[in-house]
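A short worksheet on the structure shown next.
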Amino acid sequence: MAKIEYKVCVVTVTYGDRWKFLKQVLKRVLEFKVVSDIIVVDNASLYPVAEQIKELGSDRIVTITQKENLGSAGGYKTGLEYASSLDCDFVFLLDDDNLPGDTCLENLLEKRQSNENIDKNDAVYCLREDRQNHVAIAKGEDPYRFYLTSDNFLGFNVFRIPYNQYKKFCDRKKKKLKGSEMPQEAVKIPYVPYGGLLLPKSLLLKIGLPDERYHLYVDDTEYTYRITRKSSSIWLIPSCKITDIDRSVGIGYKGAWYRSPLLDLYSFRTYYHVRNMIYFNKRFALKNKIVYSINKQLYLSALAFSSILTGKRDEYKSILVAVRDGSTGQLGKKI
């Protein structure tokens, strides 16, 4: 089992009116004996977070209150900066709605210690079963089928359509043959969200802090990708699971061939997602400018057609602004 002398600092960021989620997460991590500190970054919530936390009666929790919402990038930067000054061995990142299993953290540390392939400077990550790509990777699928695909534009690459259709056909066959088994004990993954990541404090000091310019979305992608870019690894541990107790945006969306969720579900969040993903992929997945340009033009043409059919021209224009800003590196909080 994991050594009890390990000290783990938990970092989480909350906002809005989410105490019903945060309370469950805090109560769970307080049960973990290896947790020495819990850092809660209050990103300008709509209620007095610090006062609610006091009612839990634990001196292990520190609340850092922000005067304005600095987004996930600014929030985690604040929390991780504080954690880096503490006497701890590991930092465990959780979103305010990520509920770890009863023995999740203990098992995560044990797997990290017992697996000879996992280096002392590597990070480990919990499985969140609502993320289908991670489930597929846990079952043995190549992570690069989903991540860092060359020359994609918002995930689209016309030249990969035959390959993607073939893989989907294989997926259907595997599902019939193997059900839900997950044979992998630990598998490498190039980057992950914040929630569920356990990293040594030494690795935190090596990769630095999140880039505030991303503000929302993809900041976790860029941040955790630094781990693999700096010659360490992130290992997905399927037996260590986290449940998302809040439903993500877009779950349950039912579209049609002529519709786009980017248009139908457009919000300020869509702007950040589009802008930041384009900026990230141009830095790390662009191999051939001509192929990239073809994918971009085809995708935006289809999106323009969809916007005409569905009366979403204003949303389309906003997405074009996000595309422009991501392409030119105009990041930061959008006023």
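Details
- Hits among lysines - C-alpha to C-alpha of Lys33 under 16 Å, sequence gap 8 or more where chains match: Lys3, Lys7
- Percentage relative contact order, the chain, counting C-alpha pairs under 8 Å, at least six apart: 21
- When shorter helices are ignored and each DSSP H run of at least 4 residues is given -39500 (n - 2.57), the per-residue value for the chain at 222 nm works out to -13500 deg cm²/dmol.
- Taking amide H positions as modeled 1.01 Å from N, with prolines and chain starts lacking one, the residues under 5 Å from Val91 and 5 or more places away or on another chain are Cys9, Leu199, Lys201.
- Scattering curve values for the stretch 41-181, log₁₀ I(q)/I(0), Debye with Cα scatterers, q = 0.17 Å⁻¹: -1.17
- Listed residue pairs exceeding 21 Å between alpha carbons, taken from Lys77/Lys334; Lys241/Lys333; Lys111/Lys188; Lys23/Lys333; Lys173/Lys241: Lys241/Lys333; Lys23/Lys333; Lys173/Lys241
- For Tyr144 and Tyr82, the difference between the fully extended length at 0.36 nm per residue and the C-alpha to C-alpha distance is 19.0 nm.
- Whole-Å distance, taken between Cα centres, linking the stretch 94-143 and the stretch 304-335: 35
- The long axis of helix 313-328 is offset from the longest Cα principal axis of the chain by roughly 70 degrees.
- On full extension, the segment bounded by Lys317 and Lys54 gains 90.1 nm, given 0.36 nm per residue less the C-alpha separation.
- Degrees between helix 19-30 axis and first principal axis of the chain (Cα, 0 to 90, nearest 10): 50
- For the chain, radius of gyration divided by Kirkwood radius, i.e. Rg to Rh on alpha-carbons: 0.97
- Rounded to the nearest angstrom and listed largest first, the equivalent-ellipsoid semi-axes of the stretch 87-159 from its Cα gyration tensor are 28, 16, 13.
- Residues Cys240, Cys88 arranged by fewest to most Cβ contacts within 10 Å: Cys88, Cys240
- Neighbour net charge for Leu298 - beta-carbon separation under 14 angstrom, K R +1, D E -1: +1
- Remark: relative contact order (the stretch 1-95) = 42 percent; criterion is Cα-Cα distance under 8 angstrom and separation of 6 or more residues.
- Debye intensity ratio I(q)/I(0), log10, the stretch 79-118, q values 0.29, 0.33 Å⁻¹ (C-alpha model): -1.01, -1.05
- Computed over the stretch 234-335, Kirkwood Rh from alpha-carbon pairs, angstrom: 15.6
- Residue separation of Ala44 and Leu209 scaled by 0.36 nm, minus their Cα-Cα distance, works out to 57.4 nm of gained length.
- Taking other Cβ atoms within 10 Å as a rough exposure proxy, Asp151, Asp119 sort from fewest to most as Asp119, Asp151.
- Note on Lys287: lysines with a C-alpha under 20 Å away, same-chain residues under 8 apart excluded, are Lys296.
- Residues whose amide H lies under 5 Å from that of Asp151, counting only those 5 or more places away or on a different chain, are Leu286, Lys287, Asn288; hydrogens are built 1.01 Å from N in the peptide plane.
- Cut-off under 5 Å, modelled amide H: who pairs with Ile64 long-range: Val40, Val41, Asp42
- Cα-based shape type of the stretch 143-293, given that a ≥ b ≥ c are square roots of the gyration tensor eigenvalues and the cut on a/c is 1.5: rounded
- For the stretch 125-173, diffusion coefficient by Stokes-Einstein and Kirkwood Rh (Cα), 20 °C, 1.002 mPa s, µm²/s: 180
- Angle between the chain longest axis and helix 219-229 axis [Cα atoms, degrees, rounded to 10]: 80
Each reported figure results from applying straightforward, stated rules to the coordinates on display, with no laboratory input. Bear in mind that the values here come from a model prediction, so they are computed numbers and not experimental data. In this analysis, Cβ positions are derived from the backbone assuming ideal geometry, glycine residues included, and neighbour counts consider all displayed protein chains.
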